[in-house]
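S.K.: Okay, handing you the structure first.
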Amino acid sequence: MAPSFKGVDFYDLDSLFSDEEKMVRDTIREWVEDQVMPVIQEAYIERRFPRDLIAGMGELGMLGANLPEEYGCAGLNNVAYGLIMQELERGDSGIRSFASVQGALVMYPIYAFGSEEQRREWLPRLASGDAIGCFGLTEPDYGSNPGGMVTTARRSDGGWVLNGTKMWITNGSMSDVAIIWAQTGEIGDTSGIRGFVVPTDLPGFSARDQKGKLSLLASDTSELHLEDVEIPESAILPETSGLKNPLMCLTQARYGIAWGALGAAMACYDEALNYAGERVMFDGPIAGKQIQQTRLADMITGITQGQLMAYRLGRMKDDGTMTPFQVSMAKRTNVDMACEVAREARRLLGGNGILVEYSAMRHMANLESVYTYEGTHDIHGLILGQAVTGLAAY
Ligand code: TGC
Ligand code: FAD
């Protein structure tokens, strides 16, 4: 009899992971199974982020997991960090987004560009989930091109005054602190862009839920308004000096997304494979029909390619040799692959595929946001185009 490959590890990546990496992955997989899966369908339908999960994420060290233990973080390597993102997104892209933003876009800049005082004040609370953070880079007219931002930071007596609007901000309405990127010099001069650690209870700061989403429904997406928000000098991230700094944060988050997309794809593939084995149509299970077999073959091939890329990327990140261009390639291709796998899984499930009781369509809708945020598919294509030709085509 031909071998039957259950599970989603066709090229035996398990043999490449260390015991600690596998332990981390299995712990988070179990937590997602026990804590996320029972609540995610309802949260999705009710369009709310399941906040009760945050404490557990903190307890298990999922927030800023690759940052040092001295700040209350888990101090894991980047492969283990990637596996956490994979397992969270196996549950839902909104859950992974929460952790990505908190860890890669809020904790990382405080760690990398903050003062020691800022690190001690914020990192332990963010790691435990006692404080929630968001990252405000995108503006209504500056999405793919954040260098043009018009949010300003102007000097005042002893500090700064912030004015502007940030759009599409994950965790925006439920955050205690926002990392705000603002122009301190002439609009368009990207060397004037600096980061600020802004408590969200300051006068002039407000957040409004983004209405009308049809994707990432179990995630808080908001617009931030800053109207004459006064902050002290100590709120600036001292080591920021231009657009490069927020882009460095994006590299961290995009790395996690390259792994996360695998999780969503694996969940869809697993669901499709199981369904195909059980669903009998005409004279047997649809798993025995040629069209469904090539569909499943395409899915497992794409996932396997993505796993190999993410694995190699993780080892390079731990070696210190990973480049932003390599991250762009992995984010771009793994998310594209996951979109395709989710769509094909939904189709394989027939009518049931449009129900929330199955996860394929939820993942499919979520992944459309993942395709767009953190640099659209097109923008990562242009980043790669620049890397190979030396010519910027933005
Ligand atoms: P450009 O001149 O190319 O770059 C300015 C400086 O930054 C350096 N750099 C990077 N450094 C680290 N990591 C990266 N990824 C970097 N990309 C560029 C670059 O070398 C340069 O350094 P230096 O020393 O010469 O000053 O800047 P540009 O204005 O031409 O822009 C290039 C472009 C289009 C690639 C960039 O603007 C871009 O990536 N746009 C996409 C915007 C984006 O991704 N936004 C994401 C917002 S956050 C979000 O979506 C969160 S979703 C929630 C979740 O994550 O779950
Ligand atoms: P645009 O930049 O207007 O792009 C529109 C279209 O034009 C796209 O197809 C794009 O690929 C294409 N395009 C753009 N430039 C070019 C070009 N030069 N050549 C060819 N085609 C081009 N941002 C944050 O700062 N923080 C967050 O927490 C955050 N969370 C998000 C959560 C969600 C659910 C979403 C949807 C977005 C989030 N974003 C966040 C914003 C996200 O990063 C932007 O949506 C993204 O960068 C694209 O910007 P845009 O939506 O303005 O699209």
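The values are calculated or read from the model by the stated rules, or taken from the named source; none is laboratory data. Please read these numbers as outputs of a predicted model, since none were measured by experiment. In this analysis, Cβ positions are derived from the backbone assuming ideal geometry, glycine residues included, and neighbour counts consider all displayed protein chains. Please note that ligands, DNA and RNA were not included when accessible areas were found on the heavy atoms of the full protein model with its side chains. Shrake-Rupley method; radii C 1.70, N 1.55, O 1.52, S 1.80 Å.
S.K.: Within the stretch 375-383, does at least one residue satisfy the condition of being crowded, with 18+ Cβ neighbours inside 10 Å, in a helix (DSSP H, G or I) and charged (D, E, K, R)?
M.R.: No, the stretch 375-383 contains no residue that is crowded, with 18+ Cβ neighbours inside 10 Å, in a helix (DSSP H, G or I) and charged (D, E, K, R).
Quick grid of which residues meet (1) over 30 Å from residue 222 (Cβ atoms); (2) open to solvent by 50 Å² or more (accessible area, probe 1.4 Å); (3) of a type in the set (Ser, Thr, Tyr):
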residue	(1), (2), (3)
55	no, yes, no
72	no, yes, no
91	no, no, no
97	no, no, yes
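S.K.: Also: Taking the stated definitions as given, is residue 365 within 14 Å of ligand 2 (Cβ to nearest atom) and open to solvent by 60 Å² or more (accessible area, probe 1.4 Å)?
M.R.: It is false that residue 365 is within 14 Å of ligand 2 (Cβ to nearest atom) and open to solvent by 60 Å² or more (accessible area, probe 1.4 Å).
Here's the yes/no breakdown for (1) touching a Pro at 6+ places or on another chain (Cβ under 8 Å); (2) near ligand 2 (Cβ under 10 Å from one of its atoms):
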{"position": "102", "(1), (2)": "no, no"}
{"position": "106", "(1), (2)": "no, yes"}
{"position": "112", "(1), (2)": "no, no"}
{"position": "118", "(1), (2)": "no, no"}
{"position": "125", "(1), (2)": "no, no"}
{"position": "131", "(1), (2)": "no, no"}
{"position": "137", "(1), (2)": "yes, yes"}
{"position": "142", "(1), (2)": "no, yes"}
{"position": "150", "(1), (2)": "no, no"}
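S.K.: Another one. Any residue in the stretch 53-64 that is out of contact with any helix residue (DSSP H, G or I) (no Cβ under 7 Å at 6 or more places or on another chain) and not in a helix (DSSP H, G or I)?
M.R.: The answer is yes, given that some residue of the stretch 53-64 is out of contact with any helix residue (DSSP H, G or I) (no Cβ under 7 Å at 6 or more places or on another chain) and not in a helix (DSSP H, G or I).
S.K.: A follow-up question, please. Within the stretch 82-94, can one find any residue that is of a type in the set (Lys, Arg) and within 25 Å of residue 317 (Cβ to Cβ)?
M.R.: Yes, the stretch 82-94 contains a residue that is of a type in the set (Lys, Arg) and within 25 Å of residue 317 (Cβ to Cβ).
S.K.: Yes or no: residue 64 at positive phi, at pLDDT 95 or above and surrounded by 13 or more Cβ atoms within 10 Å (Cβ to Cβ)?
M.R.: Criteria met by residue 64.
S.K.: Oh, and also: Which helices (runs of 4 or more DSSP H) does the stretch 66-152 wholly contain that include 1 or more residues that are away from ligand 1 (no atom under 11 Å from the Cβ)?
M.R.: 78-91, 108-113, 116-128
S.K.: Residue 33 passes all but one of (1) on the phi > 0 side of the Ramachandran plot; (2) surrounded by fewer than 19 Cβ atoms within 10 Å (Cβ to Cβ); which number fails?
M.R.: Looking at each condition in turn, residue 33 falls short on (1).
S.K.: With the requirement that a residue be within 16 Å of ligand 2 (Cβ to nearest atom) and either within 15 Å of the chain's Cα centre (by Cα) or open to solvent by less than 10 Å² (accessible area, probe 1.4 Å) (or both), what does the stretch 233-244 give you?
M.R.: If the condition is that a residue be within 16 Å of ligand 2 (Cβ to nearest atom) and either within 15 Å of the chain's Cα centre (by Cα) or open to solvent by less than 10 Å² (accessible area, probe 1.4 Å) (or both), then 237, 240 are the ones that fit.
S.K.: Now for a separate question. Given the criterion touching a helix residue (DSSP H, G or I) at 6+ places or on another chain (Cβ under 8 Å) and not acidic (Asp, Glu), identify the matching residue among 290, 307.
M.R.: So the residue among 290, 307 that is touching a helix residue (DSSP H, G or I) at 6+ places or on another chain (Cβ under 8 Å) and not acidic (Asp, Glu) is 307.
S.K.: Applying the selection to the stretch 170-214, what residues are farther than 18 Å from residue 135 by Cβ and open to solvent by less than 20 Å² (accessible area, probe 1.4 Å)?
M.R.: Across the stretch 170-214, the qualifying residue is only 192.
S.K.: So for the stretch 222-236 (the condition being assigned to a loop (DSSP other than H, G, I, E, B) and either more than 10 Å from ligand 1 (Cβ to nearest atom) or of a type outside the set (Asp, Glu) (or both)), does at least one residue qualify?
M.R.: no
S.K.: For the stretch 183-202, indicate whether the set of residues that are under 30 Å from residue 303 (Cβ atoms), within 15 Å of ligand 1 (Cβ to nearest atom) and not in a helix (DSSP H, G or I) is non-empty.
M.R.: Scanning the stretch 183-202 turns up no residue that is under 30 Å from residue 303 (Cβ atoms), within 15 Å of ligand 1 (Cβ to nearest atom) and not in a helix (DSSP H, G or I).
S.K.: At pLDDT 95 or above and either within 16 Å of ligand 2 (Cβ to nearest atom) or surrounded by 23 or more Cβ atoms within 10 Å (Cβ to Cβ) (or both), is that true of residue 230?
M.R.: Considered against the rule, which asks whether it is at pLDDT 95 or above and either within 16 Å of ligand 2 (Cβ to nearest atom) or surrounded by 23 or more Cβ atoms within 10 Å (Cβ to Cβ) (or both), residue 230 comes out as no.
S.K.: If residue 217 meets every condition in (1) assigned to a loop (DSSP other than H, G, I, E, B); (2) out of contact with any helix residue (DSSP H, G or I) (no Cβ under 6 Å at 6 or more places or on another chain); (3) within 11 Å of ligand 2 (Cβ to nearest atom) apart from one, which number is that one?
M.R.: If we test residue 217 against (1) assigned to a loop (DSSP other than H, G, I, E, B); (2) out of contact with any helix residue (DSSP H, G or I) (no Cβ under 6 Å at 6 or more places or on another chain); (3) within 11 Å of ligand 2 (Cβ to nearest atom), just (2) comes out false.
S.K.: May I ask you to list the residues in the stretch 252-285 that are open to solvent by 20 Å² or more (accessible area, probe 1.4 Å) and within 16 Å of ligand 1 (Cβ to nearest atom)?
M.R.: Residues satisfying the conditions are 252, 254.
S.K.: Next up: When you go through 346, 295, 332 one by one, which is the residue that is open to solvent by 30 Å² or more (accessible area, probe 1.4 Å), within 12 Å of ligand 1 (Cβ to nearest atom) and charged (D, E, K, R)?
M.R.: Answer to the selection: 332.
S.K.: Also, quick follow-up: With respect to residue 53, is the statement that it is within 28 Å of residue 362 (Cα to Cα), within 14 Å of ligand 1 (Cβ to nearest atom), touching a residue at least 24 places away in the same chain (Cβ under 8 Å) and not assigned by TED's automatic domain parsing to the domain that holds residue 220 true?
M.R.: So residue 53 fails the test.
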